[in-house]
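A short worksheet on the structure shown next.
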Amino acid sequence: MAEKPLDLTLELAPKARFDVVDLRTHFSAEHGALGAYPNCLYWSFHTTAGFLDRSLAARLSEQHIPGYVDAFRALFPEGAGYAHDKLERRGDLDPAQRAVEPRNADSHLAFIAGGLRTCVMHPNREGEKVCWVDLDGMNHGKPRRRLTRLIAFNRERVVRKTRVEVPVSAHPIDSVNLKDPRLGIYAQLTQFVKDTGMSTGRLRIALDPVERHSALTVNEYETLLMRHDLAEVLRNPLRFVAEKSRHALANPLAVPARTLDYAKYDFVRVLNKGLDAFGLRGSIIEKVMARTLAVPAARFFRMRRSVSLLVSTGDDRTPTIVEGLYQSPILVQWQHAPRQSRVLDVSLTEIN
């Protein structure tokens, strides 16, 4: 058995804005060289390209994976008036950045709602699908540089555990950037990792089992995206589906009722793509249709209750949380927290 984990960085060349790649097949030679290792950790550098959860990928046949992702892409059409895409309002961008910045709020929202992950674990064996999903592979007609990191290893063991309390606002819909320096949470987690002296591992952050109506994701915490676009989706899942239908949901009294019926139909049709992908029948379609406008978006989304962050050593041999350029762990809620805070269970595992 190999003694030390093997760490590789792989580069993908997107063929289209939306692309699905099975990494085991795509990098078959690289995976073949890792035959001595029973496990693999995969990590994405990006916030609009990552991995399907292993349990979800196992339930989907290969031909149905694009259909599953398409359901969320249809919920968030490209160019549907997202605040994040109004680059003139983006105070985080200078003029040079505005000239090249992709208008990709739809990709961020599909990533979050579809439950995509930036870090996953898989057994290293034939037939084990490792699904890389790219939602924003092109910018101005040119393929973007996409990188993923693969660490093959023998075993994983828990090193430390802790609990963290995250303050949330009194608003029912809220998102909290766990890297916000004012909270001190990320500094606490960074020190928590550093004190172990380990070389490679995984930091798992999970909502306490008592927490409800909330989720975790890793994405870009850009103010307009999180405070406006995501909040709008959580209030009303049809918000951007109907954007091109004369803003039907923004002002429902200003348009004929039939326009709303079309929006309902479009939304249910999109959801049925996902149901079909799982091989489910349409016996609940009428119920969904009747309640579409009344049910919160979170009922349909696959946002996760936990996220994993890669831990590795840098040039100074100090263990640290590995971050993509815009990656932040984010807590999202769509109903009030009983105590105006939420509890996270944190565990640190070492892989060797």
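We did not get these values from a lab; they are worked out from the coordinates using the rules stated. Every value quoted in this text rests on a predicted model; they were computed, and no experiment measured them. Glycine gets a Cβ as well: all are built from the backbone with ideal geometry, and neighbour counts include every protein chain shown.
Between Q191 and R339, the FRET efficiency estimated from the beta carbon spacing at R0 = 22 angstrom works out to 0.30.
Looking at segment 1-65, the trypsin sites (Lys or Arg not before Pro) that sit in a DSSP loop and have at most 16 other Cβ atoms within 10 Å of their own Cβ are K15. Inter-part distance, segment 5-81 to segment 201-247, computed on C-alpha centroids, equals 21 Å.
PRE reach from V210 (point 7 Å along Cα→Cβ): which of segment 309-352 fall under 17 Å by backbone N? Residues 336-346 qualify, since their backbone N sits under 17 Å from the label point.
Working from label points 7 Å from Cα in the Cα-to-Cβ sense, the D70 to R227 distance is 3.8 nm. Length available on full extension from D180 to D53: 0.36 nm per residue minus the Cα-Cα distance, which gives 43.1 nm.
In this structure, the pairs whose alpha-carbon distance is over 30 Å, taken from K4/K129; K4/K161; K15/K86; K86/K194; K15/K179, are K86/K194; K15/K179.
Between A33 and R317, the contour length at 0.36 nm per residue exceeds the Cα-Cα span by 99.6 nm.
Compare the Cα positions of I205, P172, V133 along the charge dipole of segment 60-212 (+1 at Cβ of Lys, Arg; -1 at Cβ of Asp, Glu; about the Cα centre) and return the one farthest towards the positive end. Result: I205, furthest along the dipole toward the positive end.
Per-residue extension of 0.36 nm, minus the Cα-Cα distance of H26 and V100, leaves a gain of 23.7 nm for this segment. Computed from the Cβ-Cβ distance with R0 of 30 Å, the FRET efficiency linking N139 to R163 stands at 0.15.
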